[in-house]
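Participant: Before we start, here is the structure in question, set down as structure tokens.
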Amino acid sequence: MKTLYAHRGMSSLAPENTLSAFKLCVDHQVHWFECDIDILHDGTIVVSHDSTLDRCTDRSGSLFELKRQALDSIDAGSWFSDEFIGERIPTLDQLIDLMNQYRLNANIEIKSCDSNADAARDLLSGLDKALERLDSQVEYIISSFNPMLLAEFKKIRPQARVACLFETHTLNDDWHVIMQWVGAEFIHPQNQGLTREQVQMFKAHGYKVNVWTVNAKDRANQLFNWGVDGIFTDVAQRFPKGRRMVGK
Ligand code: G3P
Ligand code: MG
């Protein structure tokens, strides 16, 4: 079974990593989305790709320096279009509520935690606590470019299914050592430059392979023919509904 992951939600139709972008998955029958999480210095876990507010809100500066209360007045939608004025940066708790409400599954990617060890520890324990509230029918995968965060999270929550993210230039001979050390079930390599031989090697080791970010249909079909299990895409709406299925 092949899986489409709506990358940062339906991010070509709504502002990325917002509740609107995730809700649109329901309308488009996309059962999995990807999102990014990070932490504020008051311990609130939020859904955001960037560590600054500059690109996706009406403010600028560091995300980490915010407190929960500030989220109520920051606009995270008008940069995308007027239709989304008033959209907020979601908290992880709001995300979990939405997943339960719509039975949406998520790949939750852990971001930088301001490169701060205390913040990272708080994020991992907060994530564990939030996942306790997830309905049993709703699935999740935890991913990161940082294997240390994933290994720590596996200690806290051994039942979590985790994925190591690799960029083309970080996919070296040690990839398998990293995967084993983390206890990862999934490998998430970058699309750019990925070869059939690499996909076959990952599959031969028994890993599930989800590739980011794939927006061209021809490339998606090529990857699926090579045995890739899923792709992250900004344009899930362009793929046939049969591809937008629930997958393992
Ligand atoms: O999780 C896949 C992909 O989201 C990783 O890259 O930068 O879009 O978070 P990025
Ligand atoms: Mg991501």
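The values are calculated or read from the model by the stated rules, or taken from the named source; none is laboratory data. Just so it is clear, the structure is predicted and the values come from calculations on it, not from any experiment. With ideal geometry, Cβ positions are generated from the backbone for all residues, glycine too; neighbour counts draw on all protein chains shown. To get the accessible areas, we keep the full protein, side chains included, count just its heavy atoms, and leave off ligands, DNA and RNA. Shrake-Rupley method; radii C 1.70, N 1.55, O 1.52, S 1.80 Å.
Participant: Rounded to the nearest 500, what is the chain's calculated 222 nm mean residue ellipticity when only DSSP H runs of at least 4 contribute -39500 (n - 2.57) each, over all residues?
Facilitator: It lands at -8500 deg cm²/dmol.
Participant: Work through the residues other than Glu132 whose Cβ is under 14 Å from its Cβ and net out their charges, Lys, Arg +1 and Asp, Glu -1.
Facilitator: Counting the neighbours of Glu132, the net charge comes to -1.
Participant: Further question: If amide hydrogens are placed 1.01 Å from N in the peptide plane, which non-local residues have theirs closer than 5 Å to the one on Ser78?
Facilitator: Gly86, Glu87
Participant: Something else: At a probe radius of 1.4 Å, what is the per-residue accessible area of Asp234, in Å² to the nearest 10?
Facilitator: The accessible area comes out at roughly 40 Å².
Participant: Moving on. Any idea of Leu98's accessible area? Nearest 10 Å², probe 1.4 Å.
Facilitator: 10 Å²
Participant: So, one more: With a 1.4 Å probe and all protein chains in place, put Arg88, Arg121, Arg157 in order of accessible area, largest first.
Facilitator: Arg121, Arg88, Arg157
Participant: Taking the Cα centre of segment 73-156 as the origin, how large is its charge dipole in debye, to the nearest 20, when only Lys and Arg (+1) and Asp and Glu (-1) carry charge on their Cβ atoms?
Facilitator: 360 debye
Participant: Continuing with the same structure: Measure out, as a whole number of angstrom, how far apart the alpha-carbon centroids of segment 4-55 and segment 160-187 sit.
Facilitator: So the two Cα centres are separated by 23 Å.
Participant: Please give me the summed charge of the neighbours of Ala120: other residues whose Cβ is under 9 Å from its Cβ, Lys and Arg +1, Asp and Glu -1.
Facilitator: -3
Participant: For Glu152, what accessible surface area do you get with a 1.4 Å probe? Give it in Å², rounded to 10.
Facilitator: Counting only protein heavy atoms, Glu152 exposes about 80 Å² to solvent.
Participant: Once you have the Kirkwood Rh of segment 1-51 from its Cα pairs, apply Stokes-Einstein at 4 °C and 1.567 mPa s and quote D in µm²/s.
Facilitator: 113 µm²/s
Participant: Past the 21 Å Cα-Cα mark, which pairs from Lys2/Lys217; Lys154/Lys208; Lys67/Lys111; Lys23/Lys203; Lys129/Lys208?
Facilitator: Flagged as over cut-off: Lys23/Lys203; Lys129/Lys208.
Participant: Protein chains only, probe 1.4 Å: how do Tyr102, Tyr140, Tyr5 rank by accessible area, largest first?
Facilitator: Highest to lowest solvent-accessible surface, that is Tyr102, Tyr140, Tyr5.
Participant: Considering all alpha-carbon pairs of the chain, what whole percent are spaced by more than 27 angstrom?
Facilitator: Value for the chain: 33 percent of Cα pairs lie more than 27 Å apart.
Participant: Now for a separate question. Size of the dipole of segment 38-193 about the Cα centre, Lys and Arg at +1 and Asp and Glu at -1 on the beta carbon, nothing else charged, in debye to 20?
Facilitator: Dipole magnitude for segment 38-193 comes out near 460 debye.
Participant: Tell me whether segment 125-248 comes out rounded, prolate or oblate; compute the Cα gyration tensor, take square roots of the eigenvalues as a ≥ b ≥ c, and use a/c under 1.5 as the rounded threshold.
Facilitator: oblate
Participant: I would also like to ask the following. Report, by chain and number, residues whose modeled amide H sits under 5 Å from the one on Ser143, excluding near sequence neighbours (fewer than 5 apart, same chain).
Facilitator: Ile108, Glu109, Ile110, Ala163
Participant: Find which of Asn225, Ala160, Trp181 sits farthest along the positive direction of the dipole of segment 3-243, computed with +1 on the beta-carbon of Lys and Arg, -1 on that of Asp and Glu, about the Cα centre.
Facilitator: After comparing all options, I get Asn225.
Participant: Something else now. Report, for segment 3-243, the % of DSSP beta bridges that are antiparallel, rounded to 5.
Facilitator: 15 percent
Participant: Turning to a different aspect of this structure: Please report, in debye to the nearest 20, how large the charge dipole of segment 142-203 is about its Cα centre when each Lys and Arg carries +1 at its beta carbon and each Asp and Glu carries -1 there.
Facilitator: The dipole magnitude comes to about 300 debye.
Participant: For segment 104-166, what class follows from the C-alpha gyration tensor (a ≥ b ≥ c being the square roots of its eigenvalues): rounded when a/c is under 1.5, otherwise prolate if a/b is larger than b/c, else oblate?
Facilitator: prolate
Participant: Ordering Ser112, Ser60 by how much accessible area each has at a 1.4 Å probe, largest first, what is the list?
Facilitator: Correct descending sequence by accessible area is Ser60, Ser112.
Participant: Over the chain, average the accessible area per residue using a 1.4 Å probe and give it in Å², no decimals.
Facilitator: 45 Å²
Participant: Kindly point out which whole DSSP H helices in the chain project their C-alpha atoms 18 angstrom or further along the helix axis while averaging a Kyte-Doolittle hydropathy of -0.5 or above.
Facilitator: What comes out of the filter, once short or polar helices are dropped, is 117-131.
Participant: Once a ≥ b ≥ c are taken as the square roots of the eigenvalues of the Cα gyration tensor of segment 1-141, is the result rounded (a/c under 1.5), prolate (a/b larger than b/c) or oblate (a/b not larger than b/c)?
Facilitator: Note, shape of segment 1-141 comes out oblate.
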